[in-house]
Amino acid sequence: MTLADLPPLREVIARHGLAAKKSLGQNFLLDGNLLDRIARVPGPLAGTHVYEVGPGPGGLTRALLRAGARVTAVERDHRALPALAELAAAADGALTVVAGDALAQDDAGIAAGARVVANLPYNIGTALLVRWLTGPWPPWWASLTCMFQREVAERIVAAPGTAAYGRLAVLSQWRSIPRIAFDVPRQAFTPPPSVTSAVVHIIPTSPPAEIPVAMLERLTAAAFGQRRKMLRASLRALPGGIGALAAAGIDPSRRAETLTVAEFVAVAAAL
Ligand code: SAM
């Protein structure tokens, strides 16, 4: 069997008993055109390596393989493995399936240099993103193209002075460039989730300053932990925090959400 002869995804789901489990964040995409559109976001994939988290019945995996990628896919739900084995057989060596929890994988080892493309389980999406953004730099991944709840996508790309601006925006923007590629309505998923989703594309850049990411995390946690307060109050518990504000030339009466990403990096560098 080749990729073109594979049975429809609905049939695969029925035959392998893949009733969606909420605990595994399972909301499947079955529309081939939409899946091809997601696979186009990272650019041409022919001959590239793609790392997919949560292939499930394999809809997005099919689209990635159609685009000519070599795919390594990590799936936690053992029920999906026979369906993925059929897909791997049809893919003729282009698909490697890893059974297990994506949070426990040595992704930098098994997918070094890969583009990440995933319809992430919403319950671990942010944890995976933060892990990928806070690892050694330059990162092991060439780009991240992931589905998030629209509200999370807005927090990733948020600008200073907006309600969505916070720790996730700073971590996503200080040495990466994120953008929302497009929204995906609830009805596109089986079963539909309760909210709209969005595909986010992130590419890494050079950091403006070589600072320990842990320092930036501590700073943003303190600053946004009390986002309505002036920085002179919210940073009081952070050792060296007030001095670092002065060293970076930041008025301590400002609030966290008014600082640009560059200003956060300057304060973290002074810390
Ligand atoms: N890629 C498929 C699609 O687009 O239709 C399924 C996406 S569904 C939103 C999320 C997938 O992630 C499910 O197949 C689920 O079993 C899997 N998953 C959930 N938690 C996981 C984890 N910790 N590690 C790996 N896969 C996980």
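The values are calculated or read from the model by the stated rules, or taken from the named source; none is laboratory data. What you see is a predicted model; the values in this text were computed from it and never measured. Neighbour counts are summed over all protein chains in view; Cβ atoms, including those assigned to glycine, are modelled from backbone coordinates with ideal geometry. Accessible surface is based on the protein model in full, side chains and every heavy atom, while ligands, DNA and RNA are left aside. Shrake-Rupley method; radii C 1.70, N 1.55, O 1.52, S 1.80 Å.
Criterion first (modelled with pLDDT of 95 or more, surrounded by fewer than 16 Cβ atoms within 10 Å (Cβ to Cβ) and basic (Lys, Arg)) does residue 115 satisfy it?
no
Results for (1) within 11 Å of the ligand (Cβ to nearest atom); (2) in contact with a strand residue (DSSP E or B) (Cβ under 8 Å, 6 or more places away or on another chain), shown as yes or no for each residue.
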site: 80; (1), (2): yes, no
site: 98; (1), (2): yes, yes
site: 103; (1), (2): yes, no
site: 132; (1), (2): no, yes
site: 150; (1), (2): no, yes
site: 158; (1), (2): no, no
site: 164; (1), (2): no, no
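Yes/no per residue for (1) in the same structural domain as residue 194 (by TED's automatic domain parsing); (2) open to solvent by less than 80 Å² (accessible area, probe 1.4 Å); (3) in a helix (DSSP H, G or I); (4) farther than 26 Å from residue 179 by Cα:
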{"position": "7", "(1), (2), (3), (4)": "yes, yes, no, yes"}
{"position": "10", "(1), (2), (3), (4)": "yes, no, yes, yes"}
{"position": "26", "(1), (2), (3), (4)": "yes, yes, no, no"}
{"position": "38", "(1), (2), (3), (4)": "yes, yes, yes, no"}
{"position": "42", "(1), (2), (3), (4)": "yes, yes, no, no"}
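Among (1) near the ligand (Cβ under 8 Å from one of its atoms); (2) out of contact with any Cys (no Cβ under 9 Å at 6 or more places or on another chain), there is one condition residue 85 misses while meeting the rest; what is its number?
(1)
On the basis of being crowded, with 20+ Cβ neighbours inside 10 Å, small (Gly, Ala, Ser), farther than 21 Å from residue 203 by Cα and at pLDDT 95 or above, does residue 59 make the cut?
Working: crowded, with 20+ Cβ neighbours inside 10 Å: yes; small (Gly, Ala, Ser): yes; farther than 21 Å from residue 203 by Cα: yes; at pLDDT 95 or above: yes.
Here the answer is yes, as residue 59 does meet what is asked.
Determine the pairs where a residue that is closer than 30 Å to residue 138 by Cα and open to solvent by 60 Å² or more (accessible area, probe 1.4 Å), located within segment 186-210, has a partner that is among the basic types (Lys, Arg) and part of a loop (DSSP other than H, G, I, E, B) with Cβ atoms under 9 Å apart, the partner being 6 or more residues away or on another chain.
Close Cβ pairs satisfying both conditions: 206/175; 208/175.
Does residue 76 satisfy the condition of being in the same structural domain as residue 128 (by TED's automatic domain parsing), more than 10 Å from the ligand (Cβ to nearest atom) and of a type in the set (Lys, Arg)?
Criteria not met by residue 76.
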